[in-house]
1. Ignoring everything except DSSP H segments at least 4 long, calculate the 222 nm mean residue ellipticity for the chain; use -39,500 (n - 2.57) per segment, divide by total residues, nearest 500.
2. Take the chain, connect every pair of alpha-carbon atoms lying under 10 Å apart with a spring to form a Gaussian network, then pick out the residue of 164, 119, 155 with the largest mean-square fluctuation.
3. What ranking of 30, 127 emerges when the number of other C-beta atoms within 10 Å of each C-beta is taken as an exposure proxy, fewest first?
4. Could you check the simple spin-label distance between residue 121 and residue 20, using points 7 Å along Cα→Cβ, in nm with one decimal?
5. Have a look at 153, 75, 145 and tell me which one the Gaussian network model of the chain (Cα, springs below 10 Å) gives the largest fluctuation.
6. How far apart, in nm, are two points set 7 Å out from the Cα along the Cα-to-Cβ line at residue 102 and at residue 164?
7. Rank-order 157-163, 46-52 by packing density, defined as the average count of other C-beta atoms within 10 Å over each peptide's residues, highest first.
8. If you take the C-alpha gyration tensor of the chain, multiply each eigenvalue by 5 and take the square root, what semi-axes do you get, largest first, in whole Å?
Amino acid sequence: MQTAEFFRTILNELNAAADALNEQESAELVDKILASNKIFVAGAGRSGLMAKSFVMRMMHMGLDAYAVGETTTPQFEENDLIIIPSGSGETKSLVSMAEKAHSIGGSIACVTISPESTLGKIADFTVKLPGAPKDQSGERKETIQPMGSLFEQTLLLFFDAVILKFMEKKGLDSKTMYGKHANLE
């Protein structure tokens, strides 16, 4: 297959993922973010990278948002929200973090393929995203892509769509948000 054909197949998979989004879950996430004092995100691997890009955009919107583990990340407190994207919902370090956030009394959102997972059960609410498990060795193939790529790409685009919902609710545009963009590079 040619590279362009692979690209088109990936886009078709992402179009199917967009069709599977739950608008009510998405709206609940937006509302919870807007109602929280501080917003934290935590993820592992490529999901963690997608989460960090989401934090950057929330910061551009003027929200008090942080990536867990960075040196400038403050303390998680009772009226805060942590958003944990995890395809499987079983990543041990993220489960441990969710348990700690729960004990502090903050809110937990899990963005996952598997709402019935350990993280999904700990979370106050979940957003189910389509994707395929990393292990595609079974008979049923849901993607041509390796490992968690479909979930990770869907996650990035979902987070960008959530930002657009924020912008709409808060009357922001790119020009306004650019005022918070880094300027020392």
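FYI, it's all coordinate maths here, none of it is from the lab. The structure presented is a predicted model; accordingly, all values stated were derived computationally and were not measured. All Cβ positions, glycine included, derive from the backbone under ideal geometry; neighbour counts span all protein chains shown.
1. That comes out to -15500 deg cm²/dmol.
2. The residue that fluctuates most here is 164.
3. Least crowded to most crowded, the residues run 30, 127.
4. Taking the simple label geometry, residue 121 and residue 20 are separated by 2.3 nm.
5. Of 153, 75, 145, the most mobile in the Gaussian network model is 75.
6. Result: 3.4 nm between the two label points.
7. 46-52, 157-163
8. Computed over the chain, the values are 27, 21, 15 Å.
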